[in-house]
Amino acid sequence: ISPFPAGYDTSIVFAGQRSLRSGVPIGSNDVASYSAGFQDVAIPANATTATLTFWWHPISEEGSMSSGALSGAAVSSDAPDKAPQFNAEQERALADMEGLSPAAPLAADLQYAVLADQQGNILQKFIWTRQDTRQWRFYSFDVAPSLRGRTVRVLFGVYNDGNGRRSSVRVDEANLIVC
């Protein structure tokens with residue numbers, strides 16, 4: 001139901017033939033929209049570790065945030081350090097893909113990588129920012145031990161506020177590694 005649902009992209013790829021594209025591609029008309037790709041994954045209860053790894057390629061005509069969030073054991077040279085604040089309904093709308101609208105429009109575009117439950121509640125934030133690096137960066141995050149024994153939704157998404165400046169992200173080689 002989103003004007004720009006997530007999909008595959010063959011123009012910006014880290015490895016192989018395609019990557020996940022989320023957000024409004026440059027060259028398209030910017031409208032307020034949620035765009036997210038996800039996969040549900042069961043983490044065994046007896047897992048000693050769980051690590052999410054992926055390659056991330058952010059684009060934003062709004063530019064990079066002066067503050068944003070990356071948490072966990074991120075491997076990146078340009079990691080912002082503070083997150084914008086959203087209420088629970090707005091966070092649920094972000095995690096639930098295009099299914100909900102927040103009570104009030106968000107004030108800026110947002111790119112995110114999170115773990116959520118199947119109801120759209122965010123369980124762990126990894127990336128919660130807006131960046132315009134236009135290059136691939138590798139990230140690795142430890143999954144919270146409290147999520148062992150649960151099925152989680154690995155979710156990569158973008159919210160565009162419709163102000164005419166588009167944001168998107170490409171994700172490639174995403175893996176949830178469980179030992």
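The values are calculated or read from the model by the stated rules, or taken from the named source; none is laboratory data. Everything quoted here is computed from the prediction, not taken from an experiment. These accessible areas exclude ligands, DNA and RNA; they are computed on the full protein's heavy atoms, side chains included. Shrake-Rupley method; radii C 1.70, N 1.55, O 1.52, S 1.80 Å.
Below, the figures for the structure above:
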read-out: J(HN,Hα) series, the range 34-49, from Karplus relation 6.51 cos²θ - 1.76 cosθ + 1.60, nearest Hz, glycine and proline x; value: 9, 8, 8, x, 8, 8, 7, 9, 8, 9, x, 5, 8, 5, 8, 8
read-out: ³J(HN,Hα), Karplus 6.51/-1.76/1.60, whole Hz, each residue of the range 118-134, x for Gly, Pro; value: 6, 8, x, 7, 6, 9, 7, 9, 10, 10, 8, 7, 9, 10, 9, 7, 6
read-out: Accessible heavy-atom area order of E62, E173, highest first, probe of 1.4 Å; value: E173, E62
